[in-house]
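The values are calculated or read from the model by the stated rules, or taken from the named source; none is laboratory data. Since the model is a prediction, treat every value here as computed from it, not as a measurement. Positions of Cβ are backbone-derived with ideal geometry, glycine not excepted, and every protein chain shown enters the neighbour counts.
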Amino acid sequence: MPLIALCAGDGIGPEVTEEAVKILKLIDGKRNFGFEFVDAPVGGSAYDRFGVPLPPESLEIAKKADAIFLGAVGGPKWEKLEFSLRPERALLALRSELGLFANLRPAALFGPLVDASTLKREVVEGIDILVVRELTGGIYFGQPRGVEDYEGGKRGVNTLVYTTPEIERIARVAFEAARKRKGKVCSVDKANVLESTELWREVVTGVHKDYGDVELSHMYVDNAAMQLIRNPRQFDVIVTTNMFGDILSDAAAMLTGSIGMLPSASLSGTKGMYEPVHGSAPDIAGQGIANPIAAILSAAMMLTYSFNAPDAAMDIEKSVAAVLDKGYRCADIYTDGTTKLSTSEMGGMVAKELE
Ligand code: IPM
Ligand code: MG
């Protein structure tokens, strides 16, 4: 029986995870995957119970599982903790322990939400971007790192490091993805300043030789940030480093109206972890008003990438689109004349549509 680890986490994490599970169970009822769900506490709530953000038992469950669903981690309550105990470390440890090097963050605009974006309709209409973010390397994990005493003050160090194989494998993911889309990859770097990303550009260009059918362009990250807002429709697949991907995917998210709409998949080749791109949103946690659509669409990505059921994923996406079409919204995407739903009402509405 396929085992799904549920790392609901902190803040709105548990609320949106519940809705994603609702949808997965519904799909399972129709298709008999035989999903078994096991809770794996992570983040600040795990720290409160077990004294660490990623208890060894949770890591074991994640390692054993066929797929992992993660809600969100973090919150002001744990911000002052020593670095290694902060909730975010759980997420980073899961990514690195499970080798989840390829982070796919699709930013597509659902038609009915075109006016929910802070950008003009003519800029965002029809956007469909896939950010492929390298997730287990770069400045997030490079050594040396830390803060040390230095000349009577202190010195903080982080290291941006990439090796040829790390760049090659993420480039392949991007080119393969582009083949199934519009056939365009834009590789984002800072090759004019950072040697490690000059290597990035070289290696991506080399890998491109195997993908003559895909169009490759390169862009500096500062320009990419600007182009995402100026003319986002020019992009199909964006492939970039861990930190640039972190930043650009938040920007891409806003094009779709709300970060509450964006799903993600983090893949190793054999295993996947699925999580909404939004964070734990402590300011609205516990109020039942969070948008569960990013979580529900992350469950859809799980069906595609971990359970080889893209048609089931498509059914979920269609149901979400239908619910939006009927004018149902959560608070983050609410506009005049639409109907505002709570987290569980939205999950229920998508479920009803699926049935
Ligand atoms: C993300 C988040 C994480 C990251 C944080 C919570 C560690 O911002 O998944 O984009 O920086 O990768
Ligand atoms: Mg981020």
For region 203-211, indicate whether the set of residues that are aromatic (Phe, Trp, Tyr) and crowded, with 20+ Cβ neighbours inside 10 Å is non-empty. no
Testing Ile229 on (1) more than 15 Å from ligand 2 (Cβ to nearest atom); (2) in contact (Cβ under 8 Å) with a residue 60 or more places away in the chain; (3) touching a strand residue (DSSP E or B) at 6+ places or on another chain (Cβ under 6 Å); (4) closer than 18 Å to Leu119 by Cα, one condition comes back false. Which one is that? (3)
Contacts under 8 angstrom Cβ, first residue in region 234-261 being at pLDDT 95 or above and near ligand 1 (Cβ under 10 Å from one of its atoms), partner small (Gly, Ala, Ser) and in a loop (DSSP other than H, G, I, E, B), 6 or more apart: Asn242/Gly137
Can you name the condition, by its number, that Phe83 falls short on among (1) crowded, with 18+ Cβ neighbours inside 10 Å; (2) modelled with pLDDT under 95? (1)
Within region 55-98, which residues are charged (D, E, K, R) and either out of contact with any helix residue (DSSP H, G or I) (no Cβ under 8 Å at 6 or more places or on another chain) or within 16 Å of ligand 2 (Cβ to nearest atom) (or both)? Glu57, Glu60, Lys64, Asp66, Glu79, Lys80, Glu82, Arg86, Glu88, Arg89, Arg95
Select, from Lys30, Lys77, the only residue that is more than 27 Å from Ala285 (Cα to Cα) and either of a type in the set (Lys, Arg) or assigned to a helix (DSSP H, G or I) (or both). Lys30
One residue is enough: does region 320-328 have a residue meeting the conditions under 25 Å from Gly11 (Cα atoms), within 16 Å of ligand 2 (Cβ to nearest atom) and in contact with a strand residue (DSSP E or B) (Cβ under 8 Å, 6 or more places away or on another chain)? no
Name the residues in region 253-274 that are in contact with a helix residue (DSSP H, G or I) (Cβ under 6 Å, 6 or more places away or on another chain) and within 11 Å of ligand 2 (Cβ to nearest atom), would you? Ala253, Ile259, Leu262
Within region 262-320, the count of residues that are within 13 Å of ligand 1 (Cβ to nearest atom) and farther than 14 Å from Ile23 by Cβ comes to 12
Note on Leu104: of the conditions (1) crowded, with 20+ Cβ neighbours inside 10 Å; (2) more than 16 Å from ligand 2 (Cβ to nearest atom), unmet is (2)
Ile238 is checked against (1) more than 13 Å from ligand 2 (Cβ to nearest atom); (2) farther than 23 Å from Gly183 by Cα and fails just one. What number does that condition carry? (2)
